[in-house]
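Trainee: Structure incoming, see below.
Throughout, read-outs are computed from the coordinates displayed, never taken from laboratory work. Given the structure is predicted, the values throughout are model-derived calculations rather than measurements. As a convention, Cβ positions derive from the backbone with ideal geometry for all residues, glycine included, and neighbour counts pool all protein chains shown.
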Amino acid sequence: MTPSSLTATRRIDRGDYILVRVLGHPKGGKDGYIYEHRFVMEQAVGRFLKSSEFVHHRNANKKDNHLSNLEITSPSEHSRRHKEKPKKVFKCTRCRKKVYRTAAQSLNRGTKDFYCSRKCRRAPHGTDSRYVRGCRCVRCRKAHREWARGYRKQQRTGS
């Protein structure tokens, strides 16, 4: 019996996967239901899938079982793909350049600053921790606020 000679009826699983009832399928449970994405892939390759072959949804939509959205992967590759985080747009604190990174890559030693490169991160300060005019990092903004408070206070007292 080949996958293409089987007929199917559909229902939706608790995890939002579509199940199809395929009579005579070797992997069908007591009620004969299997995952539709596996069934579609089996029809495409012309054989039953091994238990070590995973079918990955490229767009992460469990209900989109078009062949163009599916691919066969190994268990380790499938796990790796689900651990990948989507990339976000961050702006460099120094040069305002847009950079695409994952959220994990954007962390910069517990500060809210984000730099596009080590060169940008070190450029305004070097080993000196004083305020650098035009720099937008947290340290320089804080130093500038302190300087501005002192300057305004000085202006009010008239000294």
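Trainee: Run through every distinct alpha carbon pair of segment 3-83 and return the Kirkwood hydrodynamic radius in angstroms, one decimal place.
Mentor: Working: mean 1/r = 0.0769 Å⁻¹.
About 13.0 Å for segment 3-83.
Trainee: In addition: Full-extension gain between Ile72 and Lys30, please, as 0.36 nm times their residue separation minus the C-alpha to C-alpha distance.
Mentor: Extending this stretch completely gives an extra 12.6 nm.
Trainee: How far, in nm, would the chain grow between Leu23 and Lys98 when pulled straight, counting 0.36 nm per residue and subtracting the alpha carbon separation?
Mentor: Gain on extension, Leu23 to Lys98, equals 21.6 nm.
Trainee: Applying 1/(1 + (r/R0)^6) with R0 = 35 Å to the Cβ-Cβ distance of Glu84 and Trp147, what FRET efficiency is obtained, to the nearest 0.05?
Mentor: 0.20
Trainee: Which pairs in the list Lys97/Lys119; Lys91/Lys119; Lys63/Lys88; Lys83/Lys119; Lys91/Lys142 are over 23 Å apart, alpha-carbon to alpha-carbon? Mind dumping the intermediate values first?
Mentor: Details: Lys97/Lys119 13 Å; Lys91/Lys119 15 Å; Lys63/Lys88 25 Å; Lys83/Lys119 30 Å; Lys91/Lys142 19 Å.
Those over the limit are Lys63/Lys88; Lys83/Lys119.
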